[in-house]
Amino acid sequence: MTQNVSEKDPQSCKIFIVDDDEQQANLMRAMAETVQLKTHLFTNSIDFLNTTINANDTVVLDLQMPDKDGIEIMRELAAQNINPNFILVSGFDERVLHSAKQLAESKNLNVVSTLSKPIKAKEFIALLSNTYEKCLDNHNQELISGLSANNTEQITIEELKLAIRKHQFIIHLQPLVSLNNKEIQSAEILLRWQHPTIGLVLPDQFIPLAEDHKLMNLLTEEILRLAINEYHNLTTSGINIKISINLSAQNITDLSMPEKLEALIKNNQIEPDSIVLEVTESALMNETSESLDILNRLRMKGFSLSIDDFGTGYSSLVKLYQAPFSELKIDQHFIIHMAADPDAAAVVRICILLARELKMHTVAEGVETEEIWNQLKELGCDIAQGSFITNPMTTEDFIPWVKNWKMEHTDNA
């Protein structure tokens, strides 16, 4: 094992090169030196696994090594909840690298990129430099937000129950825009918890708690109450668009839910076709008979149904065949990667073609760049959602944003 010392080596963002080919490892080390990056070089995978590795570190990892290969190394790190930034390197064909990346991501490991040998110096140096700078930014952001994050981890079920009773939740909206003419089609309702001491808490920090303690039906009632208020605020302001609301697995096992929802919107003078109900593919995995009962009655009552996160479940085609969905939302995992990954682009293209054959609209979520927007438009996708258009915002900000969007974009589509 050898190590190189150069100027940039903060303990928060170390760079490891793990490759049993010492000549290749030294070559990558020399490339890093050209931009004053310090590297820690390991030609033995066992030695590497015995060192200290942190979340903001970068690991340039060769897949094929004699002691433990790259797949085994990632497996062991995932088992220890260690998730650095991986750059996977291999002399195998690109499909092996692609599959290794998918495996890593299935274990919630972060793969920045993959490189085929022989490595191109310019590409490697740029990739390593960009990854290093992002690691520094992430580390600094963690220092700033660390106190809030630590507090959030202490949320209890008692606090969540109290929050529902005291209506501590607010909603943000994110628009869904036509790729063809840039008209705003709808807005997705996104729940936020305005915690009295912690501040704004995002759904991934409290939804799992609600699901574990069977509180999703109560929480959905709260979402619907807020969504109805926001819908009236929008229409009063002259914004006549649909709103999308997420349903959980617990919602689609409540056989009385279609009638409850129908009564709720009638009492509030809202037409059912103004509401799009989004159901994630994973939520449909169990209780198929009950969920189909509920979904069919919701469609017959006039609600639109969207299958969310499409492509991530285990029986996508079966669910499309069985359930009366009117919209297909392609999971952002494929959208985000489609510009750089031909396989991801192929999945998106197939989803669009499939939806078209089934007479469904397609929505691409996670649209972050103009390049992806243009690619989706060329493929014939109907609707886009993501930060390229705008991030989620409060109704107070959403109303003027809509008016500005219409002035700046719709007439020029």
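Relative to the present Cα-Cα distance, how much length would full extension add between residue 255 and residue 27 at 0.36 nm per residue of separation?
Residue separation times 0.36 nm, minus the Cα-Cα distance, leaves 75.7 nm.
For residue 396 and residue 221, calculate 0.36 nm times their separation in residues minus their Cα-Cα distance, and state this gained length in nm to one decimal.
That works out to 60.8 nm of additional length.
When a/c reaches 1.5 or more, the comparison of a/b and b/c decides; with that in mind, is the range 294-413 rounded, prolate or oblate per its Cα gyration tensor?
Judged from the Cα gyration tensor, the range 294-413 comes out oblate (a/c at least 1.5, b/c at or above a/b).
In debye, nearest 20: dipole of the chain around its Cα centre with unit charges on the Cβ of K, R (+) and D, E (-)?
My answer is approximately 800 debye.
Would you calculate the separation in nanometres between label points at residue 370 and residue 126, each defined as 7 Å from the Cα along the Cα-to-beta-carbon direction?
Taking the two extended label points, one gets 1.9 nm.
Take every DSSP beta bridge with both residues inside the range 189-297 and express the antiparallel ones as a percent of the total, to the nearest 5.
40
Just want the ordering: 266, 101, from fewest to most Cβ atoms lying within 10 Å of their own Cβ.
Going from sparsest to densest Cβ surroundings: 266, 101.
If one computes the Cα centroid of the range 100-139 and of the range 362-413, what distance in Å separates the two points?
Going from one Cα centre to the other spans 29 Å.
Using 0.36 nm per residue of separation minus the Cα-Cα distance, give me the extension gain between residue 407 and residue 103 in nm, one decimal.
Extra length available between residue 407 and residue 103 comes to 104.9 nm.
Nearest-5 percent of antiparallel DSSP beta bridges in the range 154-412?
40
If every alpha-carbon in the range 164-245 counts as one equal scatterer, what log10 I(q)/I(0) does Debye give at q = 0.16 1/Å?
Treating every Cα as an identical point scatterer, log10 I(q)/I(0) equals -0.68.
For the range 208-309, report the % of Cα-Cα distances exceeding 24 Å.
20
Using Cβ-Cβ distances only, list the Cys residues of the chain with no partner cysteine under 4.7 Å, sorted by number.
If one checks each Cβ against the other cysteines of the chain, 351, 381 turn up with nothing under 4.7 Å.
What relative contact order, as a whole-number percentage, does the chain give when Cα pairs under 8 Å and 6 or more residues apart are counted?
11
If amide hydrogens are placed 1.01 Å from N in the peptide plane, which non-local residues have theirs closer than 5 Å to the one on residue 278?
Hits under the 5 Å cutoff: 245, 246, 247, 306.
What FRET efficiency comes out for residue 211 versus residue 53 if R0 is 41 angstrom and r is the Cβ-Cβ distance? Round to the nearest 0.05.
For R0 = 41 Å, the calculated efficiency reads 0.80.
Which order results if 93, 382 are arranged by neighbouring Cβ count within 10 Å, fewest first?
Lowest to highest Cβ neighbour count: 93, 382.
With label points built 7 Å along Cα→Cβ from the Cα atoms of residue 76 and residue 356, find their separation and express it in nm.
Going from the residue 76 label point to the residue 356 one covers 4.9 nm.
If you take the square roots of the eigenvalues of the alpha-carbon gyration tensor of the range 372-413 and sort them as a ≥ b ≥ c, do you get rounded (a/c under 1.5), prolate (a/b over b/c) or oblate?
Cα axes put the range 372-413 in the oblate bin.
Label the range 154-412 by shape, choosing from rounded, prolate and oblate, from the square roots a ≥ b ≥ c of the eigenvalues of the Cα gyration tensor; if a/c is under 1.5 it is rounded, and otherwise prolate applies when a/b is larger than b/c, oblate when it is not.
Taking the square roots of the gyration eigenvalues as a ≥ b ≥ c, the range 154-412 is rounded.
Since every read-out is calculated from the coordinates, none of them should be taken as a lab result. Everything numeric here is computed off the predicted structure, so don't read it as measured data. Methodologically, a virtual Cβ is constructed for each residue, glycine included, from the backbone with ideal geometry; neighbour enumeration extends over all protein chains shown.
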